[in-house]
Amino acid sequence: MSRAEGPAKTPGITVRPYLDGDEQGWVRCRVLSFLGSAFFDDVRREKEHYDSPSIELVADQDGAIVGLIDVECEEEPGTVCSERLGLGGMIWHVAVHPDQQRRGIATALLREAERRAAERGLVRLEAYTRDDAHVQAWYESRGFVQLESYLHVYVELGEGLRDLLPITEGLRPVRLFAHYIEDRPDEIRRRFARVHDCVLYERRF
């Protein structure tokens, strides 16, 4: 989208700033949206808040929250996003209620967030996503490009978890979530059952 473009229009949906009273609807929308993704168990009970300035928008349908986007904005390069040229904004959350998907709601949220980001002097947005093909296709169709990736690894008890970690007296780990950033990803994929690519995307505008 160029800066001259206006926000996408979705009939019956209003894209507006998040309000404190939206929290319950925000949480429910995010949970239901993420259930159909590789982030299915990343459940939040409260809305996240940010140290830096942020753009927090919701898609409202007759008082119900059916979509959301949160972007944390840099005031100095490299303080929120990766260290690349220009001020960036990190998309921490974008979600659309499953009953409302494929109606252009996420695109409308993204366009309005980008418009507001440009007004703040930002020149790019970043977003991390896992290996859901339809999610990656959505980002790429909207001008995002892959910058880098690493692995999200879940290690279960039966996969040798306790052999990986020193065990404190009386403490018995039963599951581990870890980041893998070295150069033997195929070995990790063979060893553990649940491994995801975590991909960093960027869009410049």
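Any idea what angle helix 105-119 forms with the longest principal axis of the chain, computed on alpha-carbon atoms, 0 to 90 degrees, nearest 10?
The helix 105-119 is inclined about 80 degrees to the chain.
For Cα pairs less than 8 Å apart in space and 6+ apart in sequence, what is the mean separation divided by the residue count of the stretch 61-116, i.e. the relative contact order in percent?
Value for the stretch 61-116: 35 percent.
Considering only the other residues whose Cβ falls under 10 Å of the Cβ of residue 81, what net charge follows from Lys and Arg at +1 and Asp and Glu at -1?
That works out to -3.
What number, rounded to the nearest 500 deg cm²/dmol, is the helix-based mean residue ellipticity at 222 nm of the chain, given -39500 (n - 2.57) per DSSP H run of at least four residues and division by all its residues?
-6500 deg cm²/dmol
Tell me which label goes with the value of volume of the Cα convex hull per residue in Å³ computed from the coordinates here: (i) 150; (ii) 125; (iii) 115.
Comparing each candidate, only (i) matches the computed number.
Quick one: putting +1 on the C-beta of Lys and Arg, -1 on the C-beta of Asp and Glu, what dipole do you get for the chain around its Cα centre, in Debye to the nearest 20?
Roughly 600 debye for the chain.
Taking Cα atoms, how many degrees apart are the long axis of helix 23-34 and the longest axis of the chain, rounded to 10 and kept between 0 and 90?
Result, in degrees: 60.
Quick one: order 40, 205 by neighbouring beta-carbon count within 10 Å, fewest to most.
By the 10 Å Cβ count, ascending, the order reads 40, 205.
Here, each number is a calculation from the coordinates, and none is a lab measurement. Not measured: the values here are computed from a predicted model. Every residue, glycine among them, receives a Cβ derived from its backbone with ideal geometry; neighbour counts consider all protein chains shown.
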